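Peer 1: First the structure, which I've put down as structure tokens, then a few questions once you've had a look.
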Amino acid sequence: MTLSILAVFISELVTVAGVVIPFVIWISRLIEGQRCQLRTAMLNTYYACKDAKKIHQYEIENFHKNYKAYKALKGNSFIDDIYKEVRHWEVIM
């Protein structure tokens, strides 16, 4: 490989990295923001219903979907105990 080919290759690599790296950072920030919104939605439902330990059908469905999405986005175990508790509440139709 000649020096000029190597220089072109490195230049192209730097150009690609200049596009890919900011995109990866942007995606990771979007994921973190989505995790935060999901966690907040679940906590809002939890605190609104925890005294009565009763939850509406649509709320438990949303809670379950939010939990699955949160875990798919590599959400930490903070919400796991809350999810386990909510699953045992009385569901109101």
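Peer 1: For the chain, what relative contact order do you get, as a whole percent, if you take Cα pairs closer than 8 Å and at least 6 residues apart?
Peer 2: Once normalised by length, the contact order is 34 percent.
Peer 1: Taking the Cα atoms only, what angle lies between the long axis of helix 57-72 and the longest principal axis of the chain, rounded to 10 degrees?
Peer 2: 30
Peer 1: Now, a different point. Expressed as a whole percentage, what fraction of the accessible surface of the chain belongs to carbon and sulfur atoms when a 1.4 Å probe is rolled over the protein heavy atoms?
Peer 2: 64
Peer 1: Using a cut-off of 14 Å between beta-carbons, work out the net charge of the residues near residue 51 (Lys and Arg +1, Asp and Glu -1, residue 51 not included).
Peer 2: Counting the neighbours of residue 51, the net charge comes to +1.
Peer 1: Ranked from highest to lowest mean number of other Cβ atoms within 10 Å per residue, what is the order of the peptides 46-57, 21-32?
Peer 2: Peptide ranking by packing, descending: 46-57, 21-32.
Peer 1: So, one more: How far, in nm, would the chain grow between residue 48 and residue 13 when pulled straight, counting 0.36 nm per residue and subtracting the alpha carbon separation?
Peer 2: 7.4 nm
Peer 1: Averaged per residue, what accessible surface does the chain expose to a 1.4 Å probe, in Å²?
Peer 2: Per-residue accessible area for the chain comes out at 74 Å².
Peer 1: Using modelled amide H (1.01 Å from N, peptide plane; none on Pro or chain starts), what sits under 5 Å from the amide H of residue 92, excluding residues fewer than 5 places away?
Peer 2: 55, 56, 57
Peer 1: Mind checking the angle between helix 3-49 and the chain's longest principal axis? C-alpha axes, 0 to 90 degrees, to the nearest 10.
Peer 2: Around 10 degrees separate the two axes.
The values are calculated or read from the model by the stated rules, or taken from the named source; none is laboratory data. As the structure is a prediction and not an experimental result, all values here were calculated from the model. Quick reminder, even Gly has a Cβ in these numbers, built from the backbone with ideal geometry, and neighbours come from all protein chains shown. To get the accessible areas, we keep the full protein, side chains included, count just its heavy atoms, and leave off ligands, DNA and RNA. Shrake-Rupley method; radii C 1.70, N 1.55, O 1.52, S 1.80 Å.
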